[in-house]
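Derivation of every value follows stated rules applied to the coordinates shown; laboratory data play no part. Quick caveat: nothing in here was measured; it's all calculated off a predicted structure. Positions of Cβ are generated from backbone atoms using ideal geometry, with glycine treated the same way; all protein chains shown enter the neighbour counts.
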Amino acid sequence: MSTAAICWTEDLRVGNHAIDEDHRHLFALLDNLRHTMPTGLVTQQAAVIIDDLAEYVENHFRREEEFMLRIAYAEYPRHKAEHDRFVSEVHALQSRLARGAQTVTLSIDQMLSEWLRRHVLVMDMALAESLKTSS
Ligand SMILES: [Fe+2]
């Protein structure tokens, strides 16, 4: 059972309002997910949150990718590849649930949030920095 709270923290602030607001929302969704399946057992509510998460994260990544294209960001391919990998993880999870899986990896919420933290601290920080200097 994962016990640590999943929340957006100040160290994750990249300084771009739209991106920061999206990230806050993403962490809140992951925290909701944590609460709906504390034992890794899939509930109806958990499946709904995972669908929300998939939709939200795709919109968010698209927003960042549009920012990157706008400034002809050199790191675009590498950054987008990370986004794509995350989206495929979430899609794989969705299809497991659609096929009737009753349980998911116990700490899926924790794994996703750790990935997101690392991504924000490295890739999104660098992106926000470039957005500041090129605007
Ligand atoms: Fe990103």
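Determine whether the stretch 14-24 contains at least one residue that is among the small types (Gly, Ala, Ser) and in contact with a helix residue (DSSP H, G or I) (Cβ under 8 Å, 6 or more places away or on another chain).
Our first condition is that a residue be among the small types (Gly, Ala, Ser); within the stretch 14-24, this holds for 15, 18.
Filter again for in contact with a helix residue (DSSP H, G or I) (Cβ under 8 Å, 6 or more places away or on another chain), leaving 15, 18.
Yes, the stretch 14-24 has at least one match.
Can you tell me which residues in the stretch 1-48 are within 15 Å of THR103 (Cα to Cα) and of a type in the set (Val, Ile, Thr)?
Within the stretch 1-48, THR36, THR39, VAL42, THR43, VAL48 qualify.
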